[in-house]
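Heads up: the structure comes next, in structure tokens.
FYI, it's all coordinate maths here, none of it is from the lab. Just so you know, these numbers come straight off a predicted model, no measurement behind them. With ideal geometry, Cβ positions are generated from the backbone for all residues, glycine too; neighbour counts draw on all protein chains shown.
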Amino acid sequence: MVDYILIPRRSVEETLGLVGVEPTKARGLIWDEANYFARDACRILEGYGLQEQRPEKVHLEGHLYTRLPHVGAVAASFESKEHAEAAARDISDYWLVRDIELSLPVPRTAIAQNVEIDLARVEWPEGSGVEHAHSQGLRGQGVLVGVLDTGCDADHVEHLGLVRVFRYVPLSLQGFRDVRGFDPHGHGTHVCGILAGQHVGVAPEVNLWVASIIESETMRTSLRRVLVGLD
């Protein structure tokens, strides 16, 4: 099995005829077209024996492809390099880019210490400007923030009771799905807390969308997996 990413030679705006369209309206049109984006390329992939992988399809076997309309790409698994190149000749509007494995440095674990904090008295340093922004009512309302990390523990005190849109994207992409937020490592929860925690968050009222894309034990991921999480 060889993994590739098909990237359009033209921009998403060109492909969907959105050049010159006001950005807010363009985003809405891209969303409306999401299920139909790259349909010609996907039809050709199916002709080469690939099946479409979607979140609800968790037991597919064989060669798969995944539409990534919001980043303007298609992730695909082929039998071999020759299989991929044969399909690419019929999909001339796309570049064929080989997937690469990525990883973070394995973190060093410090000696754990329990520290009691009075959450009712947590304050940011004055020089940070955070408390001043909050006093002016600037708390991230109406802003969407996406986090690609190890996950986000929905039961952590900083996130408990808040809406955290969460998707788990496994390394194989088999069965990527929306589930209750979890984090087997803690790094993603830490990042999400700084961003939007209800007690210590810089912007506690942002809409936080999280994708778990990094294996906690090995820190492994891949370019294809990052793109699926971003999409």
For SER222, what is the net charge nearby, where nearby means another residue's Cβ is under 9 Å from its Cβ and Lys, Arg count +1, Asp, Glu -1?
0
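Could you tell me the calculated FRET efficiency between GLU85 and HIS132, based on Cβ-Cβ distance and R0 = 45 angstrom, to the nearest 0.05?
Working: r = 57 Å, r/R0 = 1.27.
With R0 = 45 Å, the Cβ-Cβ based efficiency is 0.20.
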Along region 169-180, what does the Karplus equation 6.51 cos²θ - 1.76 cosθ + 1.60 (θ = phi - 60°) give for ³J(HN,Hα), rounded to whole Hz, x for Gly and Pro?
10, x, 4, 7, 6, 6, x, 5, 7, 8, 9, 5
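Looking at the chain only, what percent of DSSP beta bridges run antiparallel? Nearest 5 please. Don't skip to the answer; put the middle values down first.
On the way: 19 of 32 bridges.
About 60 percent, rounded to the nearest 5.
If you build the Cα gyration tensor of region 71-119 and take the root of 5 times each eigenvalue, what three semi-axes come out, in whole angstrom, biggest first? Let's see the in-between values first.
On the way: eigenvalues 434, 45, 12 Å².
Working through the eigenvalues yields semi-axes of 47, 15, 8 Å.
How high is the FRET efficiency between ARG27 and VAL106 when r is their beta carbon distance and R₀ equals 41 Å, given to the nearest 0.05? It would help to have the intermediate numbers written out before the result.
Values: r = 38 Å, r/R0 = 0.92.
For ARG27 and VAL106, the calculated efficiency is 0.60.
Based on the mean of other beta carbon atoms within 10 Å per residue, what is the order of 200-211, 175-186, most packed first? Kindly include the intermediate steps, with their values, before the conclusion.
Numbers: 200-211: 20.2, 175-186: 16.1.
Averaged packing, sorted descending, gives the order 200-211, 175-186.
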Which of GLU116, GLU14, GLU52 moves most in a GNM of the chain, Cα contacts under 10 Å?
GLU116
Computed about the Cα centre, the charge dipole of the chain from +1 Lys/Arg and -1 Asp/Glu charges at the Cβ has a magnitude in debye, to the nearest 20, of 340 debye
If amide hydrogens are placed 1.01 Å from N in the peptide plane, which non-local residues have theirs closer than 5 Å to the one on LEU102?
THR221, SER222, LEU223
In whole Å, what is the distance between the alpha-carbon centres of region 117-191 and region 193-220?
4 Å
Between (1) 1, 6, 14, 17, 18, 15, 11, 8, 5, 3, 1, 0, 0; (2) 1, 6, 12, 14, 15, 15, 13, 9, 6, 4, 3, 1, 0; (3) 1, 6, 14, 18, 20, 18, 13, 7, 2, 0, which entry matches P(r) over Cα pairs in 5 Å bins from 0, in percent as derived from the coordinates of this structure?
(2)
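Summing Lys, Arg as +1 and Asp, Glu as -1, what charge do residues with Cβ under 11 Å from the Cβ of VAL130 carry, VAL130 excluded? If you can, show how the numbers build up before the last one.
Details: positive: ARG139; negative: GLU123, GLU126, GLU131.
Once positives and negatives cancel, what remains is -2.
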Can you tally the net charge around LEU195? Count Lys and Arg as +1, Asp and Glu as -1, for every other residue whose Cβ sits under 13 Å from the Cβ of LEU195.
-1
How much length is gained on full extension from GLN113 to GLU46, taking 0.36 nm per residue of separation minus their Cα-Cα distance?
18.7 nm
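What is the extension gain from VAL19 to VAL122, computed as 0.36 nm multiplied by their sequence separation minus the C-alpha to C-alpha distance, in nm to one decimal?
Values: separation 103, 0.36 × 103 = 37.08 nm, distance 4.70 nm.
Taking VAL19 through VAL122 to full extension adds about 32.4 nm, to one decimal.
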Would you grab the residues whose amide H sits under 5 Å from the one on ALA73? Only those 5+ places off in sequence or on another chain, please, with H modelled 1.01 Å from N.
LEU68
